[in-house]
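Working notes, beginning with the structure itself.
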Amino acid sequence: MDRFVIRGGVPLAGTVSVSGSKNSMLALMAASLLSEEPVLLQNAARVHDVSTMIRILGALGVEAVWEADDVLRLGGSEPTATEAPYELVRTMRASFMVLGPLLARCGHARVSLPGGCAIGARPVDQHLKGLEALGAKVELVGGYVEARASRLRGAPVVFDTSTVNGTQNVLMAACLAEGQTRIQNAALEPEVGELIGVLQAMGARIEGAGTDQLTVEGVTRLKGATHRVAGDRIEAGTLLAAAAITGGDVTVTGLCLDQLASVVEKLREIGLELDTRPDRVRVRRAGPLRGVRVTTARFPGFPTDMQAQIMALLCLAPGSSVLTETIFENRFMHVSELQRMGADITVNGRTAIIQGVAGLSGAPVMATDLRASASLLLAGLAARGDTHVMRVYHIDRGYDRIEQKLASLGARIRRIRD
Ligand code: EPZ
């Protein structure tokens, strides 16, 4: 297992570009199952979750080939299998998104239930509710979802709770269903909008993009498409937080400002100076930081995937901050490790009270999940002395060569193979 060794205290400076959105790519890779023609993704990030999805598609007999460092060519053939195995699905729950497209394309799919993960139980009941509404016969057998439907039929779907991957799973299935599907309480996250755009380019007939009411007129087949993946909004937010926590001056490019409004607003509230353009943000430390209140919410609210990162920053903001996590039930795994670096945090259920401290001190820390690991990285960049972040495979799941990006901004960070 690799570790990062970070010698903190360097104010980051310079310009850095984000890679393509991991979460968008995972949905788009599943969408490639809907067509016998190839789907080409440009600005594709080389992150571990994408490699896992490539292996899942491979198990289904669907080819995925890197045609350039950031160009991934998918599909262009008939799936030769319709089972996504447990040993792959358990490592990445987003694999569950192959269920809808496989069922719609092949009439059958057997996908392992993803099970929980470090940040919560993360059930998939809404995914199954939506597919059953479209006429699928769904059974749970031996930890797998077995779904069958000779032809899905369009129908009304009302999600009891907003779900990003649930919306994407059902939406992809509805594209090939017979007749009209109306999805209510659809998720508004940008990754849903990006998927809708690509499905429309493939010939799907979808109305309501950007709203929580989607109307789909099913078609019999979909074409291929070529798409440039949007910059990863969470990587962008993480890099902005890295500049903020080190008191630096950094411009992050390749982003989509509309997707980061809540993060930009919060950083300003904390006391950072941000100059914004549609595709880039410059962040500088203008004066002292100040404690704030942060509550994670569905888009366009403050994203849960930025909660751990903003917490690291708030550890150094004078005064107290109140951070409430409303999406996942166990997303404070980073707290104990931040405390070991000298942070003053008290957790009460889904709320963390942070008292700003004068400084953090480097320590050996353990990464537990993707965004918690990013939080420890940020803390290490600001801490006095050396921080060893172990199990960086968590970080590699969602960040493409993050240590190179940070080093290019002056960070003293290196990867050591244990
Ligand atoms: C997506 O996960 C993202 N992952 C997550 O990013 C992100 O944190 C999450 O959306 C919320 O924005 C990908 O897109 C691959 P949800 P998803 O279903 O779709 C409940 C990262 O760090 N729920 O929108 O799985 C569930 O209990 C990852 O990049 C049900 O109850 O999240 C949980 O509390 C982490 N029933 C919440 O919704 C369901 O059927 C999760 O929200 C589905 C979800």
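The values are calculated or read from the model by the stated rules, or taken from the named source; none is laboratory data. What you see is a predicted model; the values in this text were computed from it and never measured. When we count neighbours, we look across all protein chains shown, and the Cβ atoms used for this are built from the backbone with ideal geometry, even at glycine. Only protein heavy atoms, including side chains, enter the accessible area calculation; ligands, DNA and RNA are left aside. Shrake-Rupley method; radii C 1.70, N 1.55, O 1.52, S 1.80 Å.
Using only the Cα atoms, work out Rg/Rh for segment 22-228, with Rh taken as the Kirkwood radius, to two decimals.
Over the Cα atoms of segment 22-228, Rg/Rh equals 0.92.
Once you keep just the Cα pairs under 8 angstrom separated by 6 or more residues, what percentage relative contact order results for the chain?
21
Residues of the chain: accessible area per residue at 1.4 Å, in Å²?
Heavy-atom SASA per residue in the chain reads 37 Å².
For Arg228 and Arg277, FRET efficiency with R0 = 25 Å and r from the beta-carbon atoms, rounded to 0.05?
0.85
Can you compute the FRET efficiency between Ala13 and Arg90 using 1/(1 + (r/R0)^6), with r the Cβ-Cβ distance and R0 = 45 Å? Round to the nearest 0.05.
Once the sixth-power term is evaluated, E becomes 0.60.
I want to verify the translational diffusion coefficient of segment 36-82 in µm²/s; compute it with Stokes-Einstein, Rh as the Kirkwood radius over Cα pairs, at 25 °C and 0.890 mPa s.
Here the translational diffusion coefficient equals 228 µm²/s.
What share of all Cα pairs of segment 226-345, in percent, falls into each consecutive 5 Å distance bin?
With 5 Å bins starting at 0, P(r) equals 2, 11, 22, 24, 20, 13, 5, 2, 1, 0.
Using only the alpha carbons, work out the radius of gyration and Dmax of the chain in angstrom.
Cα only, the chain: 21.3, 64 Å (Rg, Dmax).
What do you get when you divide the Cα radius of gyration of segment 100-171 by 2.2 N^0.38 Å, with N the number of residues?
Computed over Cα atoms of segment 100-171, the ratio equals 1.07.
Need one number: % antiparallel among DSSP beta bridges in the chain, to the nearest 5. Before the final figure, lay out each step's value.
Working: 60 of 84 bridges.
In the chain, approximately 70 percent of DSSP beta bridges are antiparallel ones.
Based on alpha-carbon positions alone, could you give the equivalent ellipsoid semi-axes of segment 365-418 from the gyration tensor, as √(5λ), descending, whole Å?
For segment 365-418, the semi-axes come out at 16, 13, 11 Å.
Subtract the Cα-Cα distance of Ser320 and Leu257 from 0.36 nm times their separation in residues, and report this length gain in nm to one decimal.
Roughly 19.8 nm would be gained on extension.
Using Cα-Cα distances under 8 Å and only pairs 6 or more residues apart, what relative contact order does segment 22-228 have, in percent?
Relative contact order, segment 22-228: 21 percent.
Report the Stokes-Einstein translational diffusion coefficient (µm² s⁻¹, integer) for segment 1-120, Rh taken as the Kirkwood radius over Cα pairs, at 10 °C with viscosity 1.306 mPa s.
Values: Rh = 15.7 Å.
Translational diffusion coefficient: 101 µm²/s.
Label 7 Å along Cα→Cβ of Thr161; segment 90-106 residues with amide nitrogen under 17 Å?
Output list for this probe position: 93-94.
Could you let me know the centre-to-centre spacing of segment 15-88 and segment 173-188, using Cα atoms, in angstrom?
With segment 15-88 and segment 173-188 each reduced to a Cα centre, they are spaced 23 Å.
Suppose we take every Cα in segment 261-332 and form the convex hull; what volume per residue is that in Å³?
81
Calculate, in nm to one decimal, what Glu207 and Glu132 gain on full extension: separation in residues at 0.36 nm each, minus their alpha carbon distance.
24.8 nm
Can you give me the Cα centroid spacing of segment 351-418 and segment 302-336 in angstrom?
15
So, in nm, how far is label Ala121 from label Thr351 when the simple model puts each one 7 Å beyond its Cα toward the Cβ?
2.4
For Lys22, go through the lysines and keep the ones whose alpha-carbon is under 17 Å away, minus same-chain ones fewer than eight residues off.
In chain and number order, the partners are Lys405.
Once the piece of chain linking Glu63 and Gln184 is laid out straight, how much longer is it, given 0.36 nm per residue of separation minus the C-alpha distance between them? Can you show the working numbers first?
Numbers: separation 121, 0.36 × 121 = 43.56 nm, distance 3.38 nm.
Fully extending the segment from Glu63 to Gln184 adds 40.2 nm.
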